[in-house]
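First the structure, in the form of structure tokens, and then the observations on it.
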Amino acid sequence: MGGELCFLGMRLLALHGLGRVPALVRRGSTPVVVARAGGASARVSRMLGMMMMMTKAAATTSSGSGGSKSIEQDVNDRMKAAMKAQDKDLLSAYRLMRAAMVNALKDGGNKESLTDAEAVDVLKKLAKVRKDSIEAYTNAGRKDAADKEARELAIIEQYLPTLADEGTVEQWVREAIAKSGAKGPADMGKVMGILMKAHRDELDGNMAKNIATEMLKAET
């Protein structure tokens, strides 16, 4: 997780240091946060402290006699660390994640814990909400609110798998079409079924659906 934390740290430094709303670009159908270029910030030292705290928390994830921590436990521990450090930004993000996981446990019949796969599904939904909020706040000119959502998104995304790029998804869609024998848009369900079974956690579903739609139209 060290590489991901280094990348996250740079994103957080950019977002805090610039004091501006990050720009939005689209990768497929998904808005992606990109920090605008700008000057240095007085908050850089504080952000470096955040990075050190997060790196320390990550180091404990794989320690101990019980092996690696679950995502749920890691979120709990980082929430406590943020509380102890009185870091409002991190605490807000981890409380958000913890609350969503608690709700998922209740919805699952008051389960004792979530598997990592279940935790990732919960966090994917949170990330989508953050992305939608960033776009809405940016369009409404609410820069401070969009900036806050972007910081929370960066923290959530450290737990999510890296998604395939558009070229890779296009290749997977071609393979799924060939395997399913699809002849047109009416066979979309077959194609997506094969695609999601093989690559569920590796791709953006909306991007895949858009690509499949165009390819299936070309088949007719």
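Before moving on, here are some points about what is shown:
- Shown here for the range 128-184: trypsin sites (Lys or Arg not before Pro) in loop regions (DSSP other than H, G, I, E, B) with at most 14 other Cβ atoms within 10 Å, namely LYS183.
- Dipole of the range 166-219 [Lys/Arg +1, Asp/Glu -1 at C-beta], most positive-end residue of LEU195, THR168, SER180: SER180
- With θ taken as phi - 60° and the Karplus curve 6.51 cos²θ - 1.76 cosθ + 1.60 applied, the whole-hertz 3J(HN,Hα) list for the range 187-198 is 9, 3, x, 5, 5, 5, x, 5, 4, 6, 5, 8 Hz, x standing for glycine and proline.
- Residue-span extension gain [LYS84 to VAL102] - 0.36 nm each, minus C-alpha spacing: 4.4 nm
- Extension reserve of the ASP121-ASP187 stretch, reckoned as 0.36 nm per residue once the Cα distance is removed: 21.1 nm
- Gyration tensor (alpha-carbon) shape descriptor, the range 101-220, a/c threshold 1.5: oblate
- Between THR213 and ALA145, residue separation times 0.36 nm minus the direct Cα-Cα distance comes to 21.0 nm.
- Overall form of the range 109-177 per C-alpha gyration tensor (a/c, 1.5; a/b vs b/c): oblate
- Across the cross-link table entries LYS84/LYS131; LYS183/LYS209; LYS80/LYS124, which are compared at the Cα atoms, the separations over 19 Å belong to LYS84/LYS131; LYS80/LYS124.
- Spatial extent of the range 151-200: Rg and Dmax, with the Cα atoms as the point set, Å: 14.3, 44
- Among 84-90, 186-192, 72-78, sorting by the average number of other beta carbon atoms lying within 10 angstrom of each residue, highest first, gives 72-78, 186-192, 84-90.
Every number in this text was worked out from the coordinates using simple rules, so none of it is lab data. Note that the structure is predicted; figures quoted are calculated from it, not measured. Heads up, the Cβs are rebuilt from the backbone with ideal geometry, glycines too, and the neighbour counts pull from every protein chain shown.
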